[in-house]
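Just below is one structure, and these are the notes that go with it.
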Amino acid sequence: MIRFSFLAENKTDNPGCDAEHGLSVYIEADGKTILFDTGASSLFSRNAKLMNVDLKKVEAVVISHGHYDHAGGVPTFCNINKTAPIYISKYAFGEVYGKEHGIMDTMPCGILWSDSERKDIKERLSLTEGTKWLTDNIVISGTIPDEMGNETTEQFYEKLPDGTMIEDMMKHEQFLAIRNGKHGIFVFSGCSHKGVMPVLRYTKKLFPNEKIAGLVAGMHLYSAGTDTRKAVVEKVIAENMDMVMPVHCTGMDAICMLKTAMKDKCIVATAGDSYEF
């Protein structure tokens with residue numbers, strides 16, 4: 001059995017819960033309690049209190065990639081929980097800027113911890129690159145393999161100390177996959193910047209000949225062109241999963257397309273929602 005609750009998400013219809021541009025999911029599975037991402041701020045912790053989620057019981061934190069809307073709540077978490085390791089890519093700490101429609105952001109979108117927060121958090125970090133198995137049934141992917149011809153919708157650039165901007169190849173992006181008994185594999189992906197299909201394909205390599213039953217993912221299609229959005233949505237639908245939850249940066253156009261095609265198999269989750277499978 002797997003249980004999970006959305007502590008932070010872009011939208012909410014739950015009285016008392018707040019929403020923000022970010023993602024945080026509290027997961028109970030295979031005898032472990034895991035926090036997948038921490039949103040952009042301390043909001044996840046306030047929603048957790050409202051939802052009676054005890055963050056002190058979290059045994060591991062998984063940060064999907066080095067952007068503020070997924071790692072912003074880490075300092076707050078460390079003040080609440082003094083023991084859980086924080087699994088984050090070794091490549092996640094660059095000064096990163098997004099670029100959409102040919103326009104570079106003026107503000108960085110990477111991790112925005114202060115110098116003092118970085119110092120305090122440093123000893124809690126467990127830096128990943130390859131796969132990290134938390135149990136026989138739970139794995140952190142580490143760097144997702146590159147795929148040629150994959151549909152991506154936004155470019156990112158890292159600013160070097162000399163001011164040079166180089167393309168960020170998103171080596172710091174990782175996902176969480178959990179075997180849920182006879183049901184199959186449940187995949188949690190923060191933004192799928194390298195593409196949601198590479199996430200699913202790599203999951204199949206990690207769990208060969210096993211069914212992917214559920215996908216909880218930001219798919220970063222809000223800024224995609226119509227053709228790209230349609231192509232990605234059609235590929236997700238073709239996977240014939242039991243459940244898809246398009247969250248965070250997926251965008252309402254893609255969410256509506258998935259919901260129209262998949263009906264009850266597409267669940268529109270919001271902050272404050274909890275599920276059990």
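The values are calculated or read from the model by the stated rules, or taken from the named source; none is laboratory data. Just so we're clear, the structure is a prediction, and the values are computed from it rather than from any experiment. Here Cβ is always computed from backbone atoms with ideal geometry, including for glycine, and neighbour counts include all displayed protein chains.
Here are the numbers for the structure shown:
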| quantity | calculated |
| --- | --- |
| Filter pass, K122 being part of a helix (DSSP H, G or I), surrounded by fewer than 18 Cβ atoms within 10 Å (Cβ to Cβ) and out of contact with any Cys (no Cβ under 9 Å at 6 or more places or on another chain) | yes |
| Tally, over segment 167-196, of residues that are out of contact with any helix residue (DSSP H, G or I) (no Cβ under 7 Å at 6 or more places or on another chain), closer than 24 Å to D30 by Cα, among the small types (G, A, S) and in a loop (DSSP other than H, G, I, E, B) | 1 |
| Contacts under 8 angstrom Cβ, first residue in segment 18-40 being closer than 15 Å to A217 by Cα, partner basic (K, R) and surrounded by 22 or more Cβ atoms within 10 Å (Cβ to Cβ), 6 or more apart | none |
| Residues (over 22 Å from K211 (Cα atoms) and either free of Cβ contacts under 8 Å to residues at least 12 places away in the same chain or outside any helix (DSSP H, G or I) (or both)) located in segment 237-267 | G251, C256, T260 |
| Total residues in segment 55-78, condition within 19 Å of F93 (Cβ to Cβ) and surrounded by fewer than 22 Cβ atoms within 10 Å (Cβ to Cβ) | 4 |
| Elements of type strands (runs of 3 or more DSSP E) in segment 1-54, at least 3 residues being surrounded by fewer than 22 Cβ atoms within 10 Å (Cβ to Cβ) and modelled with pLDDT of 95 or more | 2-8 |
| Segment 201-232, residues that are at pLDDT 95 or above and assigned to a helix (DSSP H, G or I) | R201, Y202, T203, K204, K205, L206 |
| Within segment 173-193, considering residues that are more than 12 Å from the chain's Cα centre (by Cα) and touching a residue at least 12 places away in the same chain (Cβ under 8 Å), the one surrounded by the fewest Cβ atoms within 10 Å (Cβ to Cβ) | G181 |
| Whichever residue in segment 213-231 is surrounded by 21 or more Cβ atoms within 10 Å (Cβ to Cβ), within 21 Å of W133 (Cα to Cα) and aliphatic (A, V, I, L, M) and, among such residues, is farthest from the chain's Cα centre (by Cα) | L215 |
| Any hit, segment 64-74, residues being in a strand (DSSP E or B), of a type outside the set (S, T, N, Q), modelled with pLDDT of 95 or more and closer than 30 Å to G225 by Cα | yes |
